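The values are calculated or read from the model by the stated rules, or taken from the named source; none is laboratory data. All figures in this text were calculated on a predicted structure; none of them were measured in a lab. Cβ placement follows ideal geometry from the backbone for every residue including glycine, while neighbour counts extend to all protein chains displayed. Areas reflect the complete protein model, heavy atoms only, side chains present, ligands, DNA and RNA absent. Shrake-Rupley method; radii C 1.70, N 1.55, O 1.52, S 1.80 Å.
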Number of protein chains: 2
Amino acid sequence: MENYSVLDKVRKQYNPKLPGCLSGNISGIGYDAVEKGEENPESGKLKQLLPVTFGKKYVKITNKNTSRENKPLSVGVVLSGGQAPGGHNVIAGLFDSLNKINPKSTLTGFLGGPSGILDNKAVAITKELIDKYRNTGGFDLIGSGRTKIETEEQFEKSLQVCRERKLDALVIIGGDDSNTNAALLAEFFASKKESISVIGVPKTIDGDLKCDLIEASFGFDTAVKTYSELIGNIERDSKSAGKYWHFIKLMGRSASHIALECALQTRPNWTVISEEVQKKSQSLESIINEIASVIVNRSKNNENYGVVLIPEGLIEFIPEVGSLIKEINKLLGDNEQQFASLLTFEKQSEWLTKNLSGISSKVFASLPKNIQEQLLMDRDPHGNVQVSKIETEKLVILMVEKRLKELKADGTYKGKFSSQNHFFGYEGRCAFPSNFDADYCYSLGFIATVLISERLTGYMTSITGLSKPVSEWVPGGVPISMLMTMEERKGKMKPVIKKALVELEGTPFKTFAAKRDEWALKTSYIYPGAIQYFGPDEVCNAPTITLMLEKGK
Amino acid sequence: MENYSVLDKVRKQYNPKLPGCLSGNISGIGYDAVEKGEENPESGKLKQLLPVTFGKKYVKITNKNTSRENKPLSVGVVLSGGQAPGGHNVIAGLFDSLNKINPKSTLTGFLGGPSGILDNKAVAITKELIDKYRNTGGFDLIGSGRTKIETEEQFEKSLQVCRERKLDALVIIGGDDSNTNAALLAEFFASKKESISVIGVPKTIDGDLKCDLIEASFGFDTAVKTYSELIGNIERDSKSAGKYWHFIKLMGRSASHIALECALQTRPNWTVISEEVQKKSQSLESIINEIASVIVNRSKNNENYGVVLIPEGLIEFIPEVGSLIKEINKLLGDNEQQFASLLTFEKQSEWLTKNLSGISSKVFASLPKNIQEQLLMDRDPHGNVQVSKIETEKLVILMVEKRLKELKADGTYKGKFSSQNHFFGYEGRCAFPSNFDADYCYSLGFIATVLISERLTGYMTSITGLSKPVSEWVPGGVPISMLMTMEERKGKMKPVIKKALVELEGTPFKTFAAKRDEWALKTSYIYPGAIQYFGPDEVCNAPTITLMLEKGK
């Protein structure tokens, strides 16, 4: 029996496309430093915190056509945080470009995420090894982890390991937090007069690490296409059977980019966008009433079926539920022993209701019993409610069901309601990267090498023009600090990369908002089908709708 | 904005491949009647019940190369039961072949399943209409339903509608029950000296409608490939993150073909096969202990992650759980009022424990509380436990968790256990049919037309040689009664098509069984990736592993 699937074998032979100036001889490549982006309002404070690295310019990579000789480079790479399709291709791009610049270059992969740097656990990336992982999903080549390198001590330890290994650069592939820490590490190295570059690569399926110069984080394209495949299939099932309402929760804790893109791809009957809920200070009741009213209206056309998308992080964005969770955390923390002595759910619930504020007590009472139980039982080691474990999709179903019963009692609703619930997250984080993500990531690896060979540090790899054909993509580097702002974290003001939330004034949301009432009533499903790696250009190379609407013509 | 996805548009242009003898001029097609299959042990009883149609031979379709003139045919078609990818292509195949035989032929689609026949609700299938549905998933062209045509009165009504519409034939696309009823309807029509043919087409994603002459039911190929895509992605995530055990429940109530094929495609750490559980009379406890022991063994290699597949119908196959459910149904049925007076779960549970048999009471006590609640609360309108609503994957997780705690207490287990649960079913029933299912279904439509034009009735469309290239497929027709046996249903002996369960002596299961201990301990994941419709032959045209092992060389 074969140890690889057929697609796996064939896919490894795929040659990712590269932007024009990266596709030839890259020895003679260089850059133009360009003033881009608006003045950062926090530049004063950031300059204080990052005296050496703050204030650099965006660099646009261009082929200077000089054929200078490059010394071999020794580079370390690490994957940080949750999986995103394309990670392996960043490493493959790094490997190939380092080798192109000088065949004596070496690439070291730190194992199991940033802790691999601190523990100095690493593996040499060889051609034999990387060839097994080209264009594949997952982070299993070197693993990943959630350890953060953020303390002075950790910076020291990292420096020591990089020195020991004689690294010219460290490439950190991660999300907003990991890139923030990359910038701080770059500053630390620079302040020690070390010439070790630190380069960040923007990764996250959530799509919330972006700006004008970082048009998309890698992995978003593949993940949303995988979820959209499934949502489309379920829509078709829903329409064919005509008897179920499917409630689908989608990964994405802080931002609803995934839900929004999936909505644009598949046109379900209703999609909740957390950013809008927060902006409008929408109550849970009003979200439920909205969904119930969609169901009632469709039932009048005898369509007792439909699909609703719910972003994973929704409940934290609902003001009164957020307050309730905070109050429970505090109450149970302050009265640990007393609460532990209440042995049945009935007694716990009674005690809680007495001690919560009036509003929170009412919100708690409005929740279905099993969600109340989840709030009280499933707490983390610090005693806090585990928001990610709350089955929001079931909460919504139960509350909608209750609302529909009321509407049935008063004669407003005459339909039938049966439901199914789904949660899609892990299904898409390790899919084979789409051609877009395979090309994008491989190019980012090349860009990292160029930035390193130009001795730049504290930069994030960037490509603009992503909605155009790959040959027209514009590679560059963005000073990470350019994306930063100051935020309070645990009582202290810290430099952070601000999460890019769904812009309610942006084209993707506005396009969705203009159509949603139509989609709610009139079945308008679109079935994207599975990601295609072969076939006509428009089938296998199209970017996301979000990207087209934000950046396309 | 476009109303179709790019793939949807391109896919509609796909020309399904046809077996050699169906690909040319089909006007001159004919058949050879061939003695096939073993003597049916129930032939005496079946002959009594189906005096006119029983005892027919398998027909092998061959191109006789005569160019006889065919009169226009008027055919009705209906989709019955759950969705399966390819249903639209059976109708497209029917449409094109009827048109080929005589352009004045007509095709009528009954709406919403068999009830469409009884209510005489139908739509004319035109070229314009069918062109919108070629090679697409779902049953939304004419809908489907679960009404069964099985009573004398329903037969009469069906005959009346077919006569009114002057149909030459009725094509019933469905699973084992629908094909059984097709055979009975064929007999009914024949006994009335009506020349209206009734032809069945084997559909079900469950894969449990098959025999030597029906090598696969359509939809199985696409559904298992969709689930395998997702399982492979989750395996890669599990391996990359190294911190979760994923428990995945898969659709398939009576048979575990889906779980078995997915196991062969993706090599997860453990897969439960219901047929084996039943054969070995395995207790729930022993299933849990098996899984826990896999987890313990992997933890010794520091692999605190993995993937377990669980077939949807499992709990009904566990003898003592099956008995418990029967007892609960009976007890709650006999003591409806008394039970209704018990207002808390605690009181209900206490009452039940007193009244259950000793063994069932013990089994009930061993179940996690929320599963106990599901058994008592979620009952259908007849008061019966709703087996399909029981979250078997969570039941298994909770019991494994408990077992691991015991093993930790006695020092056997030192690992960490965190879990995620998934259920895949609706995600695959309406996917765009794979090339295999698109070709297979389209060919089945052609075969139906040939069988009709030859005035055969009570036949099911058949293709043998499915593991070979399409050009070598052998089209034919199988008398449905050849698949039948006698079974007790509601106290009466009835003719039924026996469900084809996983054969524990068959090559697919034996191949799996020979490898599973290795897969349990040593991470051997295979990542099939998304279904491809374009690309190299081996990527986009391969049949299932089950089919290759059963029928391949």
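Is the shape of region B:14-141 best called rounded, prolate or oblate, per the rule: a/c under 1.5 gives rounded, else a/b larger than b/c gives prolate, else oblate, with a ≥ b ≥ c the square roots of the Cα gyration tensor eigenvalues?
oblate
Just the number, please: buried accessible area between A and B, total of both chains, 1.4 angstrom probe, nearest 100 square angstrom.
4900
Along each of the three principal axes of the Cα atoms of region A:344-414, give the extent in whole Å, ordering the values from largest to smallest.
If we take the Cα atoms of region A:344-414, the spans are 46, 26, 22 Å.
Put a point 7 Å out from Cα along the line to Cβ at B:SER283; what are the distances to that point in the other copies, in nm, shortest first?
Nearest to farthest, the other copies are at 5.3 nm.
Does a label point 7 Å from the Cα of B:GLU391, set along Cα-to-beta-carbon, have any residues of region B:412-445 with amide nitrogen under 19 Å, and which are they?
Correct set: B:417-427.
7 Å from Cα along Cα→Cβ at both B:ASN102 and A:ALA124: what's the point-to-point distance in nm?
Once both label points are built, they end up 7.8 nm from each other.
Sort B:243-253, B:179-189 for me by packing, meaning the mean count of neighbouring Cβ atoms within 10 Å per residue, highest on top.
For the peptides B:243-253, B:179-189, the packing ranking is B:179-189, B:243-253.
Reported to two decimal places, what Rg/Rh ratio describes region B:371-528 when computed on Cα atoms with Rh from the Kirkwood expression?
Computed over Cα atoms, the ratio is 1.08.
List the relative contact order of chain B as a percent without decimals, with contacts defined as Cα pairs under 8 Å and 6+ residues apart.
So the answer I get is 23 percent.
Are there DSSP H segments in chain A that both extend 20 Å or more along their axis (alpha-carbon positions) and score a mean Kyte-Doolittle hydropathy of at least 0.0? List them, or say none.
Those that pass (Cα extent of 20 Å or more, hydropathy at least 0.0) are A:87-101, A:176-191, A:284-300, A:392-409, A:435-453.
Please give the per residue volume of the convex hull enclosing the alpha carbon atoms of chain A, rounded to a whole number of Å³.
Each residue corresponds to 176 Å³ of Cα convex hull volume.
If you take the C-alpha gyration tensor of region A:268-314, multiply each eigenvalue by 5 and take the square root, what semi-axes do you get, largest first, in whole Å?
In descending order the semi-axes read 22, 12, 7 Å.
Note the direction-averaged projected area, equal to a quarter of the hull surface, for the Cα convex hull of region A:147-193, in nm².
Reported value for the Cα convex hull: 3.2 nm².
Between region A:415-465 and region A:335-390, how many Å separate their Cα centres?
Measuring centre to centre over Cα atoms gives 38 Å.
Tell me the per residue accessible area of the protein assembly as shown using a 1.4 Å probe; a whole number in Å² is fine.
Accessible area per residue, the protein assembly as shown: 39 Å².
Between region A:31-107 and region B:98-124, what is the C-alpha centre distance in whole Å?
Between the Cα centres of region A:31-107 and region B:98-124 lies a distance of 64 Å.
Which shape class, rounded, prolate or oblate, goes with region A:218-301 when its Cα gyration tensor gives a ≥ b ≥ c as root eigenvalues, a/c under 1.5 marks rounded, and past that a/b bigger than b/c marks prolate?
oblate
What does the C-alpha gyration tensor say about the overall shape of region B:456-533? Classify as rounded when a/c is under 1.5, otherwise prolate if a/b is larger than b/c, or oblate.
oblate
Can you list, shortest first and in nm, the gaps between the label point of B:LYS193 and those of its counterparts in the other copies, using a point 7 Å from Cα in the C-beta direction?
11.2
For each pair in A:LYS203/A:LYS389; B:LYS148/B:LYS490; B:LYS100/B:LYS127; A:LYS510/B:LYS132, compute the distance between the two Cα atoms and list the pairs where it is over 20 Å.
From the list (A:LYS203/A:LYS389; B:LYS148/B:LYS490; B:LYS100/B:LYS127; A:LYS510/B:LYS132), the Cα-Cα distance tops 20 Å for A:LYS203/A:LYS389; A:LYS510/B:LYS132.
Measuring label to label, 7 Å along Cα→Cβ, what does B:ASP380 give against each other copy in nm, shortest first?
4.3
If I model a spin label at A:GLU518 and B:ASN297 as a point 7 Å from the Cα along the Cα→Cβ vector, what separation in nanometres do I get?
Calculated label separation equals 5.8 nm.
Hey, what's the per residue convex hull volume over the C-alpha atoms of the protein assembly as shown, in cubic angstrom?
Hull volume normalised by residue count: 184 Å³.
Got a number for carbon plus sulfur as a percent of region A:261-327's accessible area, 1.4 Å probe?
43
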